[in-house]
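Please read the structure below before turning to the comments.
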Amino acid sequence: MSARSASLFLACALLAPLVPTRSSAAVASASGFELHQRLPPSAIAHAPTVALTLDACGGSFDDRIVRFLIERRIAATIFATGKWLARNPDGLRVLLEHRDLFEIEDHGANHVPALIGAGRSVYGIAAEPDLAHLRAEVEAGASAIASATGVRPHWYRGATAFYDEQALQGIAALGYRVAGFSLNADAGATLTRDEVETRVRAARDGDVILAHVNKPGSAAGAGLIDGLNALCEPAVIGSSDSATPLLAPRSLPSSAIAQSGGETVCGRDRQRHARRLQ
């Protein structure tokens, strides 16, 4: 292996437009599709980049994951529902105390899938009966985030991350970008510790990782920590001649992406700067 090395940025995920592809194979009965997205080359300046997104659907606050991210200075985008915010004031306080690392975006008010049509469901969760209900879910979630954080969200991820065309158009008409992913780390926090670690270790340049931060009792959270720890160590990412330790820049506003301003190991603070994206 060559001596050449680069830094792998584990960045705040949604700091730039994402490159979408679509898949409908996973749940054919839903007649919807997952929105698979990767970071575009313009967001991956000078170093391989992996984006971390964490869903807070309902349930509780996984303090293990968040404390690990704070310790290692790893930024993430948290997609929170209105009901999760209401149930977890202590977790919300921790996130707000570290705004340099965490951005909170819209996951809806009550975790209802962004599919339109009575009788439709994904993973047993009933979809929206009509477009008006979808709009209410999106906007009520956004209002809950604005009230809790003082900042109105710009991104939306629907419950289950399945969509149909009518829902995507309706969300876009409200002024939100829809956030997909390319690497499903934990399958709704249902996988084992080893399974999650293996998936996260497989992250490659441009991946958008989807995991969960609302199930502190699951083994999946420990696997996520293990996998991110592995990315913090020198590893081969993408090609056999690139030894790439993880660098985790602090979060910046949605129009910017953090870049290394010097030698930094696994997100510990050194000089940084930002490049504005169009």
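Quick test for you: out of SER42, SER31, pick the one residue that is surrounded by fewer than 22 Cβ atoms within 10 Å (Cβ to Cβ), farther than 30 Å from GLY124 by Cα and at pLDDT below 85. Please lay out each step first, then the result.
Numbers: SER31 fails: farther than 30 Å from GLY124 by Cα.
Step by step, each of SER42, SER31 is checked, and only SER42 is surrounded by fewer than 22 Cβ atoms within 10 Å (Cβ to Cβ), farther than 30 Å from GLY124 by Cα and at pLDDT below 85.
Of the residues VAL208, VAL196, which is of a type outside the set (Ser, Thr, Tyr), within 21 Å of CYS232 (Cβ to Cβ), out of contact with any helix residue (DSSP H, G or I) (no Cβ under 9 Å at 6 or more places or on another chain) and surrounded by 21 or more Cβ atoms within 10 Å (Cβ to Cβ)? Talk me through it step by step, then tell me what you get.
Numbers: VAL196 fails: out of contact with any helix residue (DSSP H, G or I) (no Cβ under 9 Å at 6 or more places or on another chain).
Going through VAL208, VAL196 in turn, just one is of a type outside the set (Ser, Thr, Tyr), within 21 Å of CYS232 (Cβ to Cβ), out of contact with any helix residue (DSSP H, G or I) (no Cβ under 9 Å at 6 or more places or on another chain) and surrounded by 21 or more Cβ atoms within 10 Å (Cβ to Cβ): VAL208.
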Check: If ILE74 satisfies every condition in (1) hydrophobic (A, V, I, L, M, F, W, C); (2) in contact with a Gly (Cβ under 6 Å, 6 or more places away or on another chain); (3) not in a loop (DSSP other than H, G, I, E, B) but one, which is the exception?
Finding: (3)
Note to self: Please go through the stretch 78-109 and give me each residue that is in contact with a Gly (Cβ under 7 Å, 6 or more places away or on another chain) and not charged (D, E, K, R), ordered by number.
What the structure shows: THR81, GLY82, TRP84, HIS107, GLY108, ALA109
Item checked: Filter result for GLY91 (of a type outside the set (A, V, I, L, M, F, W, C), farther than 19 Å from ALA185 by Cβ, at pLDDT 95 or above and not in a helix (DSSP H, G or I)) -> no
Margin query: Looking at ARG152 and the list (1) in contact (Cβ under 8 Å) with a residue 24 or more places away in the chain; (2) over 16 Å from GLY180 (Cα atoms); (3) in contact with a helix residue (DSSP H, G or I) (Cβ under 7 Å, 6 or more places away or on another chain), which single condition is not satisfied?
Written below: (1)
Note to self: Looking at the stretch 50-62, I want the residues that are crowded, with 22+ Cβ neighbours inside 10 Å and have a partner that is in a strand (DSSP E or B) and hydroxyl-bearing (Ser, Thr, Tyr) with Cβ atoms under 7 Å, at least 6 apart or on another chain. Which pairs are those?
What the structure shows: THR53/THR77
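Taking only the stretch 69-112 into account, find how many residues are over 18 Å from ALA179 (Cα atoms) and of a type outside the set (A, V, I, L, M, F, W, C). Spell out the reasoning first.
Going through the stretch 69-112, the residues over 18 Å from ALA179 (Cα atoms) turn out to be 69-74, 83-101.
Then drop every residue that is not of a type outside the set (A, V, I, L, M, F, W, C), which leaves 71-73, 83, 87-91, 93, 97-100.
Result for the stretch 69-112: 14.
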Margin query: Please verify whether GLU233 is within 18 Å of ARG72 (Cα to Cα), at pLDDT 50 or above and among the charged types (D, E, K, R), treating the condition exactly as stated.
Written below: yes
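The values are calculated or read from the model by the stated rules, or taken from the named source; none is laboratory data. Since the structure is predicted, the reported quantities are computational estimates derived from the model, not experimental observations. As a convention, Cβ positions derive from the backbone with ideal geometry for all residues, glycine included, and neighbour counts pool all protein chains shown.
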